[in-house]
Every structure is written in structure tokens, then in C-alpha cells.
Amino acid sequence: MKKTFLLAGTFFLLSISVEAQIFDALKNVVKDKTGVDVDKTLNTNQTSASTTSTANVDLSSLSSSQISSGLKEALNLGVKEGVQKLAVKDGFLKNEMVKILLPEKLRTVDAKLRALGLSSLADKGVTLLNRAAEDAVTEATPIFANAITSITITDAKNILLGTDNAATSYLQTKTQSQLFTAFQPKVKASLGKVGADVVWKQIISKYNLLSGQSVTTDINEYVTTETINGVFKMVAEKESGIRNNSALRTTSLLQKVFGAVKN
């Protein structure tokens, strides 16, 4: 009987050894043929599984309504602070993140004017586009605040667990069109107020005369879009800050909601 067990045990160990050798051989073949290290892949998968299962997320103390309210508060704060920073002289012009450059199809206009010694006219055109944005953006806060109410309770949880600018991206996707419609008259008024519309007519006329071409563009539409995008960039920056820096969660609601998702 002992011999039988001994033989069985020996056979079992040999089987394990043979299987291990076969598996090692297969791993070497895979690595030679594909360059994939099976051991590293397995370790990575195990680590990912472990990370996923131990994610630092605890939303049990939050209601969907609280999450929605917290996201809206963060966005409103981002809009308020963003508009304050943009609605001053050089708020757009000296901020490389939001500075309004020439529309793509007018880059040749800019280059041609500079080549003909009309750099000051080109520079004035760019400056006035940004001055118009700085003037118009003062009207943005209530328009954006109204759009922020569109965030649904249903989507709130997914947004909270999303990327650093998930709420901003969601808002932009859902409200870009209505924001444009509401904001365009403000921009048109500002273009006239700072004289940008007149200067741009001069620039286009001068270019068309010198080049023999006929270039047109809707500056109002372009500046409206760029101004809105500028505000969204500022809001996204604020949202990311609130998500990643507890010191920026300046209210109990922000602390409660964003504190539930630990980084």
C-alpha cells in the first residue's frame, strides 16, 4: 500500500513538473513569436483586478439629488470664477489657454498683411476680437447658470465617477447650441462696442484689394464660439481642481460629494 501511495505521489509530482515545463516552453514560444511576456501580462491583469475591487469610492452616504446638486455647484463656481478672470482687460488676450486667434481661413490674410508691412492692422484686429470677448463674457454667467440646470439626476452619478472634467464635458455637449443662440447677440453688441466689426471690414477690404481675392468670414459667429469655449476651458480647470484638491472644496456640499471619490 505504501508503495502504491509513493508511486502515485511520485507520478503526481512528475505530472506537475512536466506541466510546468510545458507551460514554460509555451510561454517562450509566445514571447519569441509575438514579443508578449505572459508572466507580465498575468501580473498586470491581477493588479488591475485588485485595483478595481479596492477603488476608493464610497457613495453610500450620498443621494442622487446631493450628487447632482454638488456637480451643479462646482460648475456654477467654475463659471463665476472663470468669467471674473476673463471679463477684464487682457483676460482673453494675455491668457494663452483661451486667447482668440484668427479663424483658420483668415491666417493667409494675416500673413499677407504682415508681408505688406501692415502688421499693426493685423495686430489690432486680433486684439479687438479678444476685447470683444472680454466685454461680452460679462453677460455669460446667467446664461451658463441656466444651462447648468439641464444636468439630470440620472446622469449625475456617472459624471461624478468620470474624468476630471466630466461634468464640464457633459454640459458642453448638452448645451453648446443653446448657449450659442443666447450668447451671440451679446458678442455682436460687443464687437460693435469695441469697434472690432469696423476694423475687420477694413482688414478684409484691404486684403481683397491687395490680393485680388474675395475673402469673407462671419466674425460674430467665430468670436461667439471661441468665447463660449474659453469659458468652458476655465470651468474645466476649476472642476479638475475641486476633484483633486480638497482645499478648493469651499462648501460642505462640495466636501461631501467630491470627498466621496478619493483620489
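Taking the protein heavy atoms of segment 79-168 in the context of the full set of protein chains, the accessible area attributed to carbon and sulfur is 53 percent at 1.4 Å. In this structure, the residue pairs whose Cα-Cα separation is over 26 Å, taken from Lys89/Lys238; Lys94/Lys201; Lys80/Lys174; Lys94/Lys186; Lys99/Lys201; Lys89/Lys174, are Lys89/Lys174. The listed peptides 121-132, 161-172, 248-259, ordered by packing as a protection proxy, come out as 121-132, 161-172, 248-259 (highest mean of other Cβ atoms within 10 Å first). What residues of segment 146-168 lie in the reach of a label at Ser63, counting those whose backbone N is under 16 Å from a point 7 Å from the Cα along Cα→Cβ? Those under the cut-off are 153-154, 156-157. In order along segment 135-149, the Karplus-derived 3J(HN,Hα) couplings, from 6.51 cos²θ - 1.76 cosθ + 1.60 at θ = phi - 60°, round to 6, 5, 5, 4, 8, 6, 3, x, 5, 5, 4, 5, 5, 4, 5 Hz, and Gly and Pro are given as x. Restricting the GluC sites (Glu not before Pro) of segment 72-141 to loop positions (DSSP other than H, G, I, E, B) with no more than 12 neighbouring Cβ atoms within 10 Å leaves Glu96. A crude spin-label estimate for the pair Leu210 and Lys157, with each label 7 Å from Cα along the Cβ direction, gives 6.1 nm. The Cα center of segment 65-106 and the Cα center of segment 146-181 differ in position by 15 Å. This model, with +1 at the C-beta of Lys and Arg and -1 at the C-beta of Asp and Glu, gives segment 70-212 a dipole about its Cα centre of some 440 debye.
The values are calculated or read from the model by the stated rules, or taken from the named source; none is laboratory data. These figures come from a predicted structure and were not determined experimentally. Here the Cβ is made from the backbone with ideal geometry for all residues, glycine too, and neighbour counts use every protein chain on show. Protein only, heavy atoms only, side chains kept; ligands, DNA and RNA dropped before computing areas. Shrake-Rupley method; radii C 1.70, N 1.55, O 1.52, S 1.80 Å.
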